[in-house]
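Working notes, structure below.
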Amino acid sequence: MKQYLKLFGALIVTALVATACSNDDDQPTTYTMRANDGRTITITSAVEQYATEADFVKLLSGTDLVLPSDEVRSGTDVTTERDTVYGYDGEPYLLNDVWQQVMLGSWCTRYGLEAGKKYLLNFKRVTKYIPCTYSQIIVKGSYLPTDLRMGYYNGSVGYTVSDENTGGKYEGYTMIAVMGYDIDGNVVNIHYPCEPSELRWQYFTLETAN
């Protein structure tokens, strides 16, 4: 699982910085900056533009997913599963050390961002403990592409889950994007598709045979 996540993060970095490669040595062109929170961060020189939310979702999922209408966005939850937990356990952490410069279209204003402004993008791995008894196994609930309260994993909306029941729980994993800074190094810390505390993890519990 850890090896897969490292590979997944590395693939994201490769995809994001591909356009920033130099003609001489075919390596990503980056520079460092000291952000206003005191951290020294590495940034790609190239700027990727995502004029539509669909473009940005495709970056996260690797597939063309249907985005929710404004009516669905403002309504109540459209799916209900047998059991649900919310938020996260442990501190979400960055999948890589390179921040990508991005500019977003007008769609980003609904998330508290400014269209046409340069932001620094990264990705976080989020963990949630799915509770159960020692005699139960966890089956993930299904997610619609329009569900804005779940992250992305392995090309789709939702999460993956550990193989073993450990101490009466399974571990769920998902990925979300974070606009950590603006180009001037000011802290932004806005997540997509939602804040980690707002994530929803749907599941079923099944009893194992004695």
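The values are calculated or read from the model by the stated rules, or taken from the named source; none is laboratory data. Every value quoted in this text rests on a predicted model; they were computed, and no experiment measured them. When we count neighbours, we look across all protein chains shown, and the Cβ atoms used for this are built from the backbone with ideal geometry, even at glycine.
In table form, for the structure just shown:
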item: Total residues in the stretch 97-115, condition of a type outside the set (Lys, Arg) and out of contact with any strand residue (DSSP E or B) (no Cβ under 7 Å at 6 or more places or on another chain); result: 5
item: Output for the stretch 109-147, where each listed residue is without any contact (Cβ under 8 Å) to a residue 40 or more places away in the chain and touching a Lys or Arg at 6+ places or on another chain (Cβ under 9 Å); result: Arg110
item: Which listed residue, of Val13, Val85, Val66, is surrounded by 14 or more Cβ atoms within 10 Å (Cβ to Cβ), modelled with pLDDT of 50 or more and among the hydrophobic types (A, V, I, L, M, F, W, C); result: Val85
item: Matching residues in the stretch 31-55 - criterion: being among the polar types (S, T, N, Q), within 12 Å of Val98 (Cβ to Cβ) and surrounded by fewer than 17 Cβ atoms within 10 Å (Cβ to Cβ); result: Thr32, Thr42, Ser45
item: Filter pass, Ser135 being of a type in the set (Gly, Ala, Ser), at pLDDT below 85, within 27 Å of Phe204 (Cα to Cα) and within 14 Å of the chain's Cα centre (by Cα); result: no
item: Search result, residues across the stretch 185-210 that are in contact (Cβ under 8 Å) with a residue 12 or more places away in the chain and of a type in the set (Asp, Glu); result: Glu198, Glu207
